[in-house]
Ligand SMILES: Nc1nc2c(c(=O)[nH]1)N[C@H]1C(S)=C(S)[C@@H](COP(=O)(O)OP(=O)(O)OC[C@H]3O[C@@H](n4cnc5c(=O)[nH]c(N)nc54)[C@H](O)[C@@H]3O)O[C@H]1N2
Ligand SMILES: Nc1nc2c(c(=O)[nH]1)N[C@H]1C(S)=C(S)[C@@H](COP(=O)(O)OP(=O)(O)OC[C@H]3O[C@@H](n4cnc5c(=O)[nH]c(N)nc54)[C@H](O)[C@@H]3O)O[C@H]1N2
Ligand code: SF4
Ligand SMILES: [Mo]
């Protein structure tokens with residue numbers, strides 16, 4: 001068979017690089033960066049380069065699996081869906097719909113299926129038991145954006161390619177390739193920033209690869225970023241460095257709140273000298289353009305929402321919000337500009353049954369899912385759907401959740417692997433690998449440092465017995481909402497979207513007849529017709545022929561390397577959905593939470609704290625089964641500073657016992673001055689090799705589960721987000 005080439009957006013991280021795949025004999029035999037990709041220009045990392053191994057992994061499930069007791073057997077799709085229908089139906093019949101729960105894992109934001117169907121599946125469930133990886137990740141940022149801008153999805157990203165000053169906290173894009181800031185070749189963009197004379201300052205308890213690339217690295221005590229940023233805010237006020245802030249309410253309230261957080265007040269808590277904090281403020285204010293960007297180390301922390309808020313407070317006060325080179329709002333190809341105001345954002349519309357935790361964006365904190373399964377009473381979870389998630393390893397308290405999953409009356413997982421979580425399912429529905437799935441990034445256009453539009457058709461046709469993940473989720477929606485297996489769950493969505501556009505005077509199809517427009521949609525599947533509709537009605541769409549040269553699915557098919565839509569453009573006030581149509585810089589829920597922060601000033605900080613870390617050749621819990629990525633020495637080590645190691649009697653390559661609120665594990669010690677004294681670091685996503693799993697390579701590189709130590713009970717109260725960094729631990733030689 002001759003070799004062919006196909007282009008595919010990489011789904012393995014938020015950088016969304018364009019891959020050039022070599023295909024022979026219906027298999028991916030090679031992958032390199034697509035030099036012509038309008039966004040990634042040929043960049044690739046070891047994960048993308050290994051995608052062929054992921055596709056051909058012999059442990060990947062290739063047909064639906066049904067479990068009878070301890071025995072798994074392969075089944076056809078109809079049979080598997082029949083078992084799911086019966087399983088979910090019986091639980092709903094016995095206990096009501098509130099007994100059904102859904103957990104959505106991270107790859108849902110990396111698949112077209114997740115982008116189009118996860119939301120409708122959640123709504124179809126008819127239960128408030130909705131959980132996702134968002135509450136162990138970025139929920140604080142959604143809440144701060146929701147409160148400031150009225151829209152939890154309006155997340156400003158640093159204008160990486162134009163900024164002259166970047167202050168980065170709690171992110172390590174040289175390993176992660178970036179998050180809530182989609183930037184293919186993040187490392188190259190940082191180097192370009194420095195080459196053009198810009199400044200990069202990294203705040204991180206570890207001297208990471210990103211920190212080593214920076215002009216300055218400021219080690220900070222874990223969990224203290226809100227203090228540092230408040231110190232910056234205070235300095236901006238006291239030194240008269242605040243820029244004009246038209247269209248912003250609450251500046252004076254922020255000034256008042258900042259009074260307790262002068263650099264001298266916070267320096268101790270942060271472990272950063274007051275002079276450094278003041279210098280940051282002066283530099284941010286003086287730079288021709290500057291952006292503050294903060295990520296997982298600051299979100300998954302005790303003051304996650306306050307920190308996320310203060311990041312944008314500094315961006316606003318230095319005049320950098322929404323200006324080129326500052327922090328800007330992307331406009332994705334499938335979105336339309338807003339109207340400039342809306343209903344605003346609210347949380348706590350309901351509360352979790354057991355712990356009384358507030359709903360945020362329709363979700364409950366994932367760390368309380370185990371409580372909801374294990375605690376008897378009305379509304380107890382008795383059946384669970386997981387889609388692309390491995391909460392047993394990803395969540396604090398995940399080990400207890402694992403036990404709880406065994407207690408469910410029914411569980412179904414959409415996942416390609418039989419892993420620590422899915423082994424508890426009764427049915428596993430495996431999606432085909434990326435090369436056989438169409439792709440468009442629904443999530444990352446909202447977060448990208450440049451506006452582009454790229455569509456990847458399936459590079460290889462589905463094999464016999466495979467079902468596209470869009471079709472899998474559509475069938476689950478039909479089942480959950482009590483419709484026939486063959487029901488068209490997309491038609492109502494398309495009708496709704498089109499109806500809204502036709503009624504909207506600002507839409508290019510205003511007043512047109514749906515019967516005339518519907519036949520114009522292209523796409524082999526309902527999912528692709530939906531995508532076509534979204535593109536054609538989107539900000540750069542062809543408006544069904546009314547905008548010459550506009551986007552459509554067909555136009556993207558004709559552009560295999562994507563369409564460049566240019567650098568980010570200012571979007572205020574159009575992007576706002578606050579009732580006032582203004583930025584609310586000091587929303588009451590945040591102002592109230594500042595008293596908790598103030599309380600923390602007096603707290604004595606002794607003892608060790610645990611933080612996480614990421615490695616370039618890994619991805620959360622699920623790429624450890626690829627030999628090409630796990631080769632080499634053990635990466636699941638506990639990093640300990642030499643001073644701490646000496647004091648505790650820990651030797652390099654020895655074993656340490658690590659105890660936190662969540663429990664105790666034993667991990668290999670790596671003595672290194674990369675971590676600051678008082679801080680130990682362990683990556684997450686490890687702890688493989690359990691009975692009943694089918695990931696043979698991962699089992700041979702098992703590592704230990706960091707989340708067996710983290711605490712499921714401590715949350716950031718405004719977002720319900722778990723605290724994964726700055727976790728108090730005791731460490732001793734094992
Ligand atoms: N201690 C600690 N814990 C953490 C973190 C941390 O920094 N420290 N980070 C947190 C973060 S940021 C996140 S996002 C979460 C992740 O939490 P989860 O999303 O629960 O976990 P993942 O490990 O990403 O699991 C992804 C699952 O999706 C499956 N999968 C892969 N591709 C596909 C696909 O195309 N379709 C489907 N249906 N399934 C697929 C994989 O087999 C795997 O089972 O973990 C969190 N946990
Ligand atoms: N290679 C690889 N890439 C990934 C992933 C992966 O697992 N592996 N996961 C993907 C996912 S789901 C996500 S969400 C993103 C995350 O992307 P990033 O946010 O870049 O995540 P990390 O690389 O973990 O970097 C977090 C940094 O925060 C630091 N830190 C910890 N605590 C604190 C603190 O209190 N304050 C400050 N200032 N810093 C702190 C840590 O030392 C670490 O260097 O990465 C994505 N990309
Ligand atoms: S950086 Fe991310 S998107 Fe790019 S090749 Fe690597 S894993 Fe894929
Ligand atoms: Mo994440």
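The values are calculated or read from the model by the stated rules, or taken from the named source; none is laboratory data. Not measured: the values here are computed from a predicted model. All Cβ positions, glycine included, derive from the backbone under ideal geometry; neighbour counts span all protein chains shown.
Some notes on this structure:
- Within the range 393-410, being surrounded by fewer than 24 Cβ atoms within 10 Å (Cβ to Cβ) and in contact (Cβ under 8 Å) with a residue 40 or more places away in the chain holds for 399, 400, 409, 410.
- Of all residues in the range 540-557, those satisfying the criterion of being in a loop (DSSP other than H, G, I, E, B) and buried (at least 18 other Cβ atoms within 10 Å of the Cβ) are 540, 542, 543, 544, 550, 552.
- Which numbered condition residue 324 fails, given (1) crowded, with 24+ Cβ neighbours inside 10 Å; (2) out of contact with any helix residue (DSSP H, G or I) (no Cβ under 7 Å at 6 or more places or on another chain); (3) outside any helix (DSSP H, G or I): (1)
- Given (1) over 21 Å from residue 715 (Cα atoms); (2) part of a loop (DSSP other than H, G, I, E, B), number of the condition residue 606 does not satisfy: (1)
- Verdict on residue 593 being in the same structural domain as residue 183 (by TED's automatic domain parsing), touching a residue at least 40 places away in the same chain (Cβ under 8 Å) and away from ligand 1 (no atom under 16 Å from the Cβ): yes
- Annotation note: of 379, 406, 319, the sole residue that is out of contact with any strand residue (DSSP E or B) (no Cβ under 7 Å at 6 or more places or on another chain), modelled with pLDDT of 95 or more and within 25 Å of residue 152 (Cβ to Cβ) is 319.
- Counting only residues that are surrounded by 16 or more Cβ atoms within 10 Å (Cβ to Cβ), within 16 Å of ligand 1 (Cβ to nearest atom) and over 20 Å from the mean Cα position of the chain (by Cα), the range 32-56 holds 6 of them.
- Applying the criterion of at least 2 residues that are free of Cβ contacts under 8 Å to residues at least 24 places away in the same chain to the strands (runs of 3 or more DSSP E) found wholly in the range 1-106 leaves 4-9, 18-24, 27-33, 71-74.
- Any hit, the range 705-727, residues being crowded, with 24+ Cβ neighbours inside 10 Å, touching a strand residue (DSSP E or B) at 6+ places or on another chain (Cβ under 9 Å) and over 23 Å from residue 355 (Cβ atoms): no
- Restricting attention to the range 568-597 and to residues that are loosely packed, with under 14 Cβ neighbours inside 10 Å and part of a helix (DSSP H, G or I), the residue that is farthest from ligand 2 (Cβ to nearest atom) turns out to be 588.
- Residue match in the range 646-663 (condition: under 30 Å from residue 12 (Cα atoms), in the same structural domain as residue 690 (by TED's automatic domain parsing) and crowded, with 19+ Cβ neighbours inside 10 Å): yes
For every residue, the table says whether it meets (1) farther than 26 Å from residue 393 by Cβ; (2) within 16 Å of ligand 1 (Cβ to nearest atom).
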| residue | (1), (2) |
| --- | --- |
| 605 | yes, no |
| 616 | no, yes |
| 620 | no, yes |
| 628 | no, no |
| 653 | no, no |
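- Condition check for residue 643: assigned to a strand (DSSP E or B) and either in contact (Cβ under 8 Å) with a residue 12 or more places away in the chain or surrounded by 16 or more Cβ atoms within 10 Å (Cβ to Cβ) (or both): no
- Residue 467, sole failed condition from (1) free of Cβ contacts under 8 Å to residues at least 40 places away in the same chain; (2) surrounded by fewer than 21 Cβ atoms within 10 Å (Cβ to Cβ); (3) assigned to a loop (DSSP other than H, G, I, E, B): (1)
- Matching residues, the range 217-254, being within 27 Å of residue 296 (Cα to Cα) and without any contact (Cβ under 8 Å) to a residue 24 or more places away in the chain: 217
- Note on the range 470-498: residues that are under 22 Å from residue 84 (Cα atoms), out of contact with any strand residue (DSSP E or B) (no Cβ under 9 Å at 6 or more places or on another chain) and surrounded by 17 or more Cβ atoms within 10 Å (Cβ to Cβ) amount to 8.
- Of the criteria (1) in contact (Cβ under 8 Å) with a residue 24 or more places away in the chain; (2) buried (at least 18 other Cβ atoms within 10 Å of the Cβ); (3) within 31 Å of the chain's Cα centre (by Cα); (4) assigned to a helix (DSSP H, G or I), which one residue 560 fails: (4)
- Taking the range 85-108 as the range and being within 10 Å of ligand 1 (Cβ to nearest atom) and crowded, with 23+ Cβ neighbours inside 10 Å as the test, the residues that pass are 103, 104, 105, 107, 108.
- Here residue 305 fulfils each of the conditions (1) over 19 Å from residue 134 (Cβ atoms); (2) in the same structural domain as residue 270 (by TED's automatic domain parsing) apart from (1).
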